[in-house]
Amino acid sequence: MKKILITGGAGYIGSHTAVALVNSGYEPVIVDNFSNSEKSALEGIKSILGREVKSYEVDCLDKNGMEKVFQENDFSGVIHFAASKAVGESTRLPLKYYSNNIDSLIILLELMSKYKVKDLVFSSSCTVYGQPKVLPVTEATPRQDAESPYGNTKKICEDILRDFILSGAASRIVALRYFNPVGAHPSSAIGELPIGVPANLIPFVTQTAAGIREKITVFGNDYDTPDGTCVRDYIHVMDLADAHVKALKYLSEQKDNFYDIFNVGTGNGNTVLEVIKTFEKVSGQKLNYEIGPRRTGDIEKVWANTDKINKVLGWDAKYTLEDSMRDSWNWQVKLGKK
Ligand SMILES: NC(=O)c1ccc[n+]([C@@H]2O[C@H](COP(=O)([O-])OP(=O)(O)OC[C@H]3O[C@@H](n4cnc5c(N)ncnc54)[C@H](O)[C@@H]3O)[C@@H](O)[C@H]2O)c1
């Protein structure tokens with residue numbers, strides 16, 4: 001069985017990917033410092049799989065700790081999820097973001113070179129596109145100046161990967177630009193753990209329905225979109241996890257010194273009000289929401305052209321927005337008032 005290191009594997013997307021990897025015959029090994037996750041995620045993974053996944057409590061910035069993980073395991077590939085991801089916090093603590101997100105990647109690339117681990121899947125984001133002039137966005141759509149230090153770290157990390165390959169490194173690398181990950185494992189054993197006040201729409205929706213928050217504010221209804229509210233491409237985390245498995249398989253078929261980028265979205269855009277209505281329909285909950293002013297920094301509309309990942313990786317989104325809302329709600333019900 002091919003061993004895959006998943007940094008940030010106790011997190012939202014990493015935990016679902018750990019499950020998908022085992023189900024596809026890989027052996028994931030998780031490294032996490034639990035700065036934005038809880039050890040209960042490992043229990044959740046275990047309850048789905050019926051067995052434990054090997055894990056290390058190590059900080060990716062701790063080079064010696066990471067080196068020990070490489071020494072103890074013969075990895076055939078790495079998926080690098082570990083990063084700080086709160087856009088708002090990144091504007092207040094930019095150095096934390098530049099350090100955690102960029103230094104962790106550099107340390108990883110150095111260790112991968114030293115231990116001759118060639119294949120890397122990197123978590124990038126549609127945030128690199130900013131507000132695109134033409135929709136849907138393809139991988140060839142020009143990137144724009146980042147709206148936040150967080151977004152900038154993704155851009156810089158992509159540039160580091162490109163330059164690393166341009167330098168002649170024997171590696172094979174794919175960056176996946178995620179659109180908006182939502183949903184949870186259908187068993188509700190793992191999902192997105194809310195830390196603090198959520199900045200993303202779906203945890204806010206489910207927490208409001210659960211009575212944790214009094215109401216949800218829709219930021220602006222005067223955008224140039226079908227109902228005036230912002231449009232995003234919501235991708236179910238199970239589909240997203242599957243894209244990583246397909247990317248790893250694809251990398252194993254490539255020659256050395258390879259780098260490519262793929263959008264991971266559904267190819268459909270949904271407005272905030274469509275999301276709210278869909279949530280109300282599948283959950284049977286009435287949401288207390290109000291329309292407020294626009295929020296600074298919000299992109300009006302963005303959704304993915306997924307032709308490339310459909311054709312090249314043979315990957316397609318299978319879950320619908322209804323599935324995503326149902327699974328997010330079931331996960332919130334399991335969390336209770338958390
Ligand atoms: N969720 C999204 O909306 C989204 C969208 C686009 C891209 N991404 C990217 O996908 C990746 C995974 O996101 P997620 O939503 O699963 O986030 P998450 O916070 O749930 O998971 C990240 C995990 O990494 C761990 N971590 C952070 N810094 C670490 C370090 N220095 N050493 C070890 N572990 C560390 C955290 O404890 C957490 O378990 C991130 O790189 C994120 O930027 C996420």
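The values are calculated or read from the model by the stated rules, or taken from the named source; none is laboratory data. On a predicted model such as this, the values are computed, not experimentally measured, just so you know. Positions of Cβ are generated from backbone atoms using ideal geometry, with glycine treated the same way; all protein chains shown enter the neighbour counts.
The residues of the range 279-314 that are among the hydrophobic types (A, V, I, L, M, F, W, C) and modelled with pLDDT of 95 or more, listed by number, are PHE279, VAL282, LEU287, ILE291, VAL302, TRP303, ALA304, ILE309, VAL312, LEU313. For ASP298, the criteria (1) among the acidic types (Asp, Glu); (2) within 30 Å of MET1 (Cβ to Cβ); (3) outside any helix (DSSP H, G or I) hold in every case but one, which is (2). Restricting to the range 149-207, and then to whatever is more than 10 Å from the ligand (Cβ to nearest atom) and aromatic (Phe, Trp, Tyr), can you tell me which residue is farthest from ASP307 (Cα to Cα)? Out of the qualifying residues, it is PHE204. Might you let me know whether the range 234-249 holds any residue that is in contact with an Asp or Glu (Cβ under 7 Å, 6 or more places away or on another chain), of a type in the set (Gly, Ala, Ser) and either within 25 Å of ALA317 (Cβ to Cβ) or at pLDDT 95 or above (or both)? No, every residue in the range 234-249 fails to be in contact with an Asp or Glu (Cβ under 7 Å, 6 or more places away or on another chain), of a type in the set (Gly, Ala, Ser) and either within 25 Å of ALA317 (Cβ to Cβ) or at pLDDT 95 or above (or both). Before we move on, is ALA317 crowded, with 22+ Cβ neighbours inside 10 Å, touching a helix residue (DSSP H, G or I) at 6+ places or on another chain (Cβ under 8 Å) and either at pLDDT below 95 or in a loop (DSSP other than H, G, I, E, B) (or both)? It is true that ALA317 is crowded, with 22+ Cβ neighbours inside 10 Å, touching a helix residue (DSSP H, G or I) at 6+ places or on another chain (Cβ under 8 Å) and either at pLDDT below 95 or in a loop (DSSP other than H, G, I, E, B) (or both). Contact map, the range 63-83: residues that are more than 27 Å from TYR250 (Cβ to Cβ) paired with residues that are modelled with pLDDT of 95 or more and outside any strand (DSSP E or B), Cβ distance under 7 Å, separation 6+ or inter-chain. Pairs shown: LYS63/ILE107; GLY65/VAL58; GLY65/ASP59; GLU67/LEU111. Counting only strands (runs of 3 or more DSSP E) that fall entirely inside the range 203-288 and contain at least 2 residues that are in the same structural domain as ILE165 (by TED's automatic domain parsing) and over 13 Å from PHE179 (Cα atoms), the qualifying elements are 258-264. Of the numbered criteria (1) crowded, with 21+ Cβ neighbours inside 10 Å; (2) more than 21 Å from VAL128 (Cα to Cα); (3) small (Gly, Ala, Ser), the one ALA304 fails is (2).
Meeting the requirement of 3 or more residues that are crowded, with 19+ Cβ neighbours inside 10 Å and within 11 Å of the ligand (Cβ to nearest atom), the strands (runs of 3 or more DSSP E) wholly within the range 1-115 are 27-32.
For the range 148-170, the criterion of being of a type in the set (D, E, K, R), over 26 Å from VAL302 (Cβ atoms) and in the same structural domain as GLY11 (by TED's automatic domain parsing) is met by at least one residue.
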